[in-house]
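All remarks here apply to the structure that follows.
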Amino acid sequence: LVRIVDAGIKAPSGKNAQTTEFIIVDDRDIIYGIALIAGKPFIKTARAVIACVVRPEPVYHGLSFEAEDCAASVENMLLAITALGYSSVWIDGNIRLDGKAAKIGSLLRIPPPRYVRVILPLGVPSETQTQAEKKPTRERAFFNSYGGDENHGKRL
Ligand SMILES: Cc1cc2nc3c(=O)[nH]c(=O)nc-3n(C[C@H](O)[C@H](O)[C@H](O)COP(=O)(O)O)c2cc1C
């Protein structure tokens with residue numbers, strides 16, 4: 001778990017402000033509580049939940065980057081989780097509804113203005129799942145201008 005969180009800590013952040021903090025939840029009762037608040041029964045069987053806590057903080061011309069900083073850490077952790085043979089899912093939209101993030105924040109005693117932005121339940125997968133299908137690269141990436149470089153014949 002610490003190796004996974006270390007991967008999140010190493011992620012880049014705007015102005016290196018490091019606005020994301022992490023709570024490693026391995027206590028069964030707290031995991032159960034998070035599952036109840038999120039309304040996701042599968043979380044009950046997770047071996048741990050990593051809660052990503054963000055801190056809004058203007059660091060560059062009044063701009064805050066807490067969402068981007070957190071996303072970079074989350075992706076690093078998902079890669080580490082997968083590389084170590086575990087499985088997870090990025091839970092974000094779900095906890096932004098119905099005050100769930102605030103309830104999880106109270107459960108984990110998070111001091112405002114910090115708040116929980118993402119939770120990553122993780123464990124050993126009971127079954128293998130293939131990643132959701134992606135559009136072909138040529139439909140989403142182009143050389144030199146949107147749609148492709150007609151003049152130079154460069155197309156993916
Ligand atoms: C910003 C973001 C928010 C997400 N929120 C949720 C969520 O609240 N609940 C959930 O089950 N999955 C959530 N996901 C997972 C996506 O549904 C999933 O990554 C997507 O369907 C693509 O599938 P893949 O991860 O297999 O490529 C979220 C992913 C991202 C990047």
*Neighbour count of at most 15 Cβ within 10 Å plus DSSP loop: longest GluC sites (Glu not before Pro)-free window in the chain*: 1-126
_Quick check of the Kirkwood formula: for the range 1-79, what is the inverse mean of 1/r over all pairs of different Cα atoms, in Å?_
13.5
_I need the P(r) histogram for the chain: all alpha carbon pairs, bin width 5 Å from 0 out to the longest distance, whole percents._
2, 9, 16, 17, 16, 13, 10, 8, 5, 3, 1, 0, 0
_At 222 nm, what value in deg cm²/dmol follows for the chain if DSSP H runs of at least 4 each add -39500 (n - 2.57) and the sum is divided by all its residues, to the nearest 500?_
-9000 deg cm²/dmol
_Theoretical gain in end-to-end length, Tyr60 to Ala83 [0.36 nm per residue, Cα-Cα removed]_ = 4.9 nm
_Arg140-Ile30 pseudo-label distance in nm [points 7 Å out on the Cα-to-Cβ vector]_ = 3.4
*Roll a 1.4 Å probe over the protein chains and send me the accessible area per residue for the range 78-133 in Å².*
67
_Modelled FRET efficiency - R0 22 Å, Arg109 with Asp6, Cβ distances, 0.05 increments_ = 0.45
*For the range 94-156, what is the relative contact order in percent, using Cα pairs closer than 8 Å and at least 6 residues apart in sequence?*
20
*In vacuo Debye scattering of the range 64-156, one point per C-alpha: log10 I(q)/I(0) at q = 0.10, 0.13, 0.16, 0.23 Å⁻¹?*
-0.47, -0.70, -0.87, -1.16
*Output the direction-averaged projected area (hull surface divided by four) of the convex hull of the alpha-carbon atoms of the range 1-46, in nm².*
4.0
*Provide, for q = 0.24, 0.28, 0.30 Å⁻¹, the log10 of I(q)/I(0) from a solvent-free Debye sum over equal Cα point scatterers in the range 56-100.*
-0.89, -0.96, -1.00
*asked:* At most 14 other C-beta atoms within 10 Å and a DSSP loop state: those are the exposed trypsin sites (Lys or Arg not before Pro) I care about. Give me the longest piece of the chain that has none.
replied: 48-108
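The values are calculated or read from the model by the stated rules, or taken from the named source; none is laboratory data. Keep in mind that what you see is a predicted model, and the values were worked out from it rather than measured. Positions of Cβ are backbone-derived with ideal geometry, glycine not excepted, and every protein chain shown enters the neighbour counts. What goes into the accessible areas is simple: the full protein's heavy atoms, side chains included, and nothing from ligands, DNA or RNA. Shrake-Rupley method; radii C 1.70, N 1.55, O 1.52, S 1.80 Å.
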